[in-house]
Amino acid sequence: MSDILEKPEHIELERSDSPSFDRKNDMDMTICDDCEHLTRYPNKWSKIRLGRLQDPCTQFDIIRLSREVLREPVAEFLGVMILVIFGTGADCQVFLSANPKVAALARGDFLSLNFGWSVGVALGVWVSGGVSGGHINPAVTLALATFRDFPWKKVPTYILAQCLGGFCGGAIVYANYFHAIDVYEGPGVRTIAGSGDLLATYAADYMSPVSCFFSEFLGSALLMLGVLCITDKKNGPPPPGLAPLALFIIVLGLGTSLGMETSYALNPARDLGPRIFTAMAGYGSDVFTYRNQYWLWCPILAPILGMQAAALIYDGFIFTGSESIINKPDARAARKHLHACPQQRNKIPAGVDNA
């Protein structure tokens, strides 16, 4: 399982069952006859949005649905953007409304902003899950590429789309609360302590660098354990389509228990995208020089390493699926499989779950 939500299977057209069917000649004629009535690209945009694996008329292969080249990164972009809009929007509403000049009454508390982040994660995965797998987190993408079958060639595109989604989400929330920030800090005044920490994450003053790193490492590892658990078909997964609801519960629990000290980034794109925007919006270079490049070693490296550690532990001791590199057959198992009896030969070559 390399995705939080399973993506739909590719559609294949049936080929002829005629006894005299010859793959190279008859298929060429049969498939090409069908091609005359098949509209794979109904308009110019679909040619850009969709790619294709093979041309069946020249490769003598079954026509099947094209591999999507833009939908997956766009889905990740939208998923992260939705996550950041709900999360940072909740941050802004809770803290800005504490100023009586912004709102007559405070509009929320720490619990309500945790609900905002949890809803953002759930909705982001619901929007993107059926298309891209619903990673919406570069650390998740890297962990699935390292330990599962997620293709490394897709990793750069996913991470770029996720970071752009975070940037746009932060920009949208900033535009929405622009006047409230002016009232809160003063017209044209932008400081990290005032409103910059509503979009990107910053640690409490009493936290040491080691404590900051450990807090993010721990929260990210727990999040990854939850992701791997709910996608493990042999470990009590939620009903189909309800993985986002399970993620809602996980993120809500993490926020209410571990979110105070570093604002629980747990996601490099959730922090880096809005942080870049705040640097451009008037908060200056302090967003990067804060605590000796805090932005790099805490909200980026800590989640990545935490999720790698969690995936190693889960796959090493609990997961039995064949898509994990830990469960791949070694050379000795492969040699034994070659000499296995016919009844057993078709059962072993993948992983423990197929043995």
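General observations
- Computing Rg and the Kirkwood Rh from the Cα coordinates of segment 79-171 gives a ratio, Rg/Rh, of 1.12.
- As a ratio to 2.2 N^0.38 Å, the alpha-carbon radius of gyration computed for segment 195-318 takes the value 1.15.
- A crude spin-label estimate for the pair F110 and N176, with each label 7 Å from Cα along the Cβ direction, gives 2.4 nm.
- Estimated Rh, segment 134-241: Kirkwood, alpha-carbon pairs, angstrom: 17.1 Å
- Extension gain from D330 to L301, taking 0.36 nm per residue of separation minus the Cα-Cα distance: 7.3 nm
- Shown for segment 60-165: the carbon plus sulfur share of the solvent-accessible area, taken with all protein chains present and a 1.4 angstrom probe, equals 70%.
- Accessible surface, segment 130-231, averaged per residue in Å² (probe 1.4 Å): 38 Å²
The values are calculated or read from the model by the stated rules, or taken from the named source; none is laboratory data. For clarity, every value in this text was computed on a predicted model and none was experimentally measured. For neighbour counting, all protein chains shown are included, and Cβ atoms are generated from backbone atoms with ideal geometry for every residue, glycine included. Quick note on the areas: whole protein, heavy atoms, side chains included, nothing else; ligands and nucleic acids left out. Shrake-Rupley method; radii C 1.70, N 1.55, O 1.52, S 1.80 Å.
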